[in-house]
Structure formats: structure tokens, C-alpha cells
Amino acid sequence: MNAPSSTRAVPLPELFWGFFQIGIFGFGGVGPIARHIIVEQRNWLTEREYATVLGMGKILPGANTINAGVMIGDRFRGRLGAVVCVAALMAAPLAILVMLALLYDRYSGNPAVDVAMGGAAAAAAGTVIGAGLKMACNLRPGLLGWLIGALAVIAVAVLGLSLIQVVLVLAPLAVVATAWKERRR
Amino acid sequence: MSDDGILWQLARSFSAISLIAIGGANAVVPAIRHEVVDVLRWMDDSTFAHLFAVAQAAPGPNVLIVSIVGWHMAGLAGLLVATLAMLLPACLLAFAIGRLTQRVSGSRGFRIAQDALVPLAVGLIVASGLDMTKAAATGPFSLVLAGLTALFVLRTQANPIWALTASAAAALAAHQLGWTA
């Protein structure tokens, strides 16, 4: 195995295949498989480097893994590397999505299919709640963290406020409150 | 609306949402639903919920929800325009910030931003799930399916596609028995 190093030369095809695999095997969120391929299998980054890239990805808009793809691709192969990683990550999921969409287009309107899709839709909503709760448990945020998260839930899901406005108000507020709490420590 | 008009609208709507998607596409599903169902009136809640289920059934990043909305409205061109609109602004930002990574990642400001924004993102994702549950609900049985699936995802590492399949089958069975799902 190669020693993980940000200066190691990683050829474009290797980046492509790595991210292609992350896309195709990433059912229900690409997080775990992405770490496995980037850190363990391909040795592109150390655990610590990956945590940093992921941490950046988490506070930026957009999917974590896509942001990680941009940064890792750029690190090894510049702009072209970033484009190749994102394209590779999206290729298989988009192809599979088109196949599923063709099936849906063909059979939707059939009463039995619509009933089944209704059940799947409820479950799809449930997967998002479950994934969010799981993240909350793994995060173990402090009291302020719970408050920020709870405010977001209440503002969007209970009060039905516009999500754009909620983000534009809550994000700066959360940062200021967190900075204030840190300073008092 | 002409096809060009739809493509233009897809680009405009989703590139705006792209930049607030802290936590990924799953954090902004209520904004996407609001835009395509309430503002543009392109589809009703139940169609949106069905498309969401199809997107969740495919592997890969959650951004696929905008891809399938694009597909539904304007075929392959719609899929590509919607996907690029959602990806491009966030990717350009990640690219710019990524070049600063080494310098800022250990800093106090970075830690504060993380402590503040990650809980916000998690809250938004839970809110998205609740919003979609409302959109998808056709009766009390759907709420049970959503709740059981949430538990399944929370408590196991298993592929959520099983919960989607089982819920589809359960809804069908309930319908055959004459319950309203």
C-alpha cells in the first residue's frame, strides 16, 4: 500500500474509478463508502486529512461527498481533477435514476402502482428523518447545538417558514451565538 | 411554458437553492417542493412525493431529487440542466474554499462555524423529512410507514432500499384489505 500523502501523484483514471465506485455503491447516503474508498482502499488521504476535507464540506452548501470530490480532485489534478471526480460520482447514479424514471413514467397512473409508490414515498420521507436523527445522535451537540437544530425544525416543519429565509437568519445567528459562548468560556 | 422556458426556470430555481443547501440537497427539500409545487405549480404534492421516492431508490448523492424533477419536466435536457444548476454554484464555492483548506481548517473560526452550522444542517434535514412526510401522507398508515422507516434507518446500517420496498408492498397489501393508506 502507498503511504497516504497529498503530494502523491494520483492519475485521473484512478480518481475517476474511485469516485465512480462511491456513486454506484452509495445507497442511502454516500458517507460511509466514501470514507472507505478515499482513506482505506485508495489511500488518497489520511483519516485526519479526510476529516478536514469532510468538515469543510459539511459547513459549505451542497452534498458533503460532492464537495469532497471537488477538493480531492483539485488537490491531485487541479481543475480538471475536480470536474472528473464530480462527473464520476454522478455518472452511475444519474444513469440508474433515468432507468427508474423510465419505469415510473411507464407504470404511473396504474392504480396499484400509485398505491405502492405512495407507500414508498412515505418510507422515503422516513429515511430522511432517520438519517437526520442518526446524525444528531452521532454529533452529540451541546445545549446550544440542540437549540439551533430544534429552531430549524420548528421554523421549517412546524411554522412552515420559507427555508431560504430561515437559513439566511439562523446561520449567522447560530455562528454569533456559538462564538459568544466560546468567548465566555 | 415552452421547453426553453422550463429549462431556464430549472436553472434559475435550483441555482438559487444550491447556495443555501448546507447539509446537502436533503436539507432543502422543503424549498424545492415549495418552488415546484406551490410557486411554479408544475406538479402536485403526491407526484413530487413519488419522484422523491424514485430519487431515494437510486444510489448516490441526494441531489438526484432535482435531477428527477428536471427529467419529469423536460426529459434528459431537463435532468442535465437541473443537476448542473444545483451542483455548479456549490461546487465553485467548494473549489474556492478548498484552496484555503490547509490554512483555515484548524482555526478557531472554522471550529465555531462547524459547531454552529452542522447542528443547523441536521435540523434542516429532520425538518425536510417531516415536510416530506406531510407531502407524502395519504392517511394514518403512511405516517406509520414513515415512522417505522425512520426507526429502521436510525437503528440499522442496512440499505434503506429494503424499507422502501417493504413499505410499497405494505401499502399495496393495506389497499387490498380496503384500508386507506
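Here is how the numbers come out for the structure above:
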{"read-out": "Single residue of B:G60, B:G147, B:G75, B:G70 found to be at pLDDT 95 or above and on the phi > 0 side of the Ramachandran plot", "value": "B:G75"}
{"read-out": "The one condition in (1) assigned to a helix (DSSP H, G or I); (2) facing chain A (nearest Cβ under 7 Å); (3) not aliphatic (A, V, I, L, M) that B:N159 fails to fulfil", "value": "(1)"}
{"read-out": "Residue that is free of Cβ contacts under 8 Å to residues at least 24 places away in the same chain and more than 7 Å from every other protein chain (Cβ to nearest Cβ), where the choices are A:A95, A:A116, A:A125", "value": "A:A95"}
{"read-out": "Identity of the residue in segment B:78-89, touching a residue at least 24 places away in the same chain (Cβ under 8 Å) and facing chain A (nearest Cβ under 9 Å), that ends up farthest from the chain's Cα centre (by Cα)", "value": "B:P89"}
{"read-out": "Check on B:F152, free of Cβ contacts under 8 Å to residues at least 60 places away in the same chain, hydrophobic (A, V, I, L, M, F, W, C) and facing chain A (nearest Cβ under 7 Å)", "value": "yes"}
{"read-out": "Test set (1) without any contact (Cβ under 8 Å) to a residue 60 or more places away in the chain; (2) of a type outside the set (A, V, I, L, M, F, W, C); (3) under 16 Å from B:I68 (Cα atoms) - B:R33 fails condition number", "value": "(1)"}
{"read-out": "Helices (runs of 4 or more DSSP H) (entirely within segment A:1-72) containing at least 1 residues that are among the acidic types (D, E) and either assigned by TED's automatic domain parsing to the domain that holds A:L97 or modelled with pLDDT of 90 or more (or both)", "value": "A:12-25, A:47-59"}
{"read-out": "Residue within segment B:63-83 that is buried (at least 24 other Cβ atoms within 10 Å of the Cβ) and closer than 25 Å to A:V176 by Cα present", "value": "no"}
{"read-out": "Unique residue being in contact with a Ser or Thr (Cβ under 7 Å, 6 or more places away or on another chain) and among the basic types (K, R) when the list is A:R106, A:R75", "value": "A:R75"}
{"read-out": "Which numbered condition B:W42 fails, given (1) in a helix (DSSP H, G or I); (2) touching a residue at least 24 places away in the same chain (Cβ under 8 Å)", "value": "(1)"}
{"read-out": "Matching option when the condition is facing another protein chain (nearest Cβ under 8 Å) and without any contact (Cβ under 8 Å) to a residue 40 or more places away in the chain, among B:G60, B:G75", "value": "B:G60"}
{"read-out": "Those residues of segment B:9-30 which are free of Cβ contacts under 8 Å to residues at least 60 places away in the same chain, part of a helix (DSSP H, G or I) and facing chain A (nearest Cβ under 9 Å), in sequence order", "value": "B:A16"}
{"read-out": "The lone exception for B:A116 - which of (1) free of Cβ contacts under 8 Å to residues at least 24 places away in the same chain; (2) more than 8 Å from chain A (Cβ to nearest Cβ) it fails", "value": "(2)"}
{"read-out": "Residue identified as of a type in the set (V, I, T) and part of a helix (DSSP H, G or I) among B:T138, B:T165", "value": "B:T165"}
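The values are calculated or read from the model by the stated rules, or taken from the named source; none is laboratory data. Keep in mind that this is a model prediction, so the values were computed, not measured. Cβ coordinates were reconstructed from backbone atoms using ideal geometry, including for glycine residues, and neighbour counts include every protein chain displayed.
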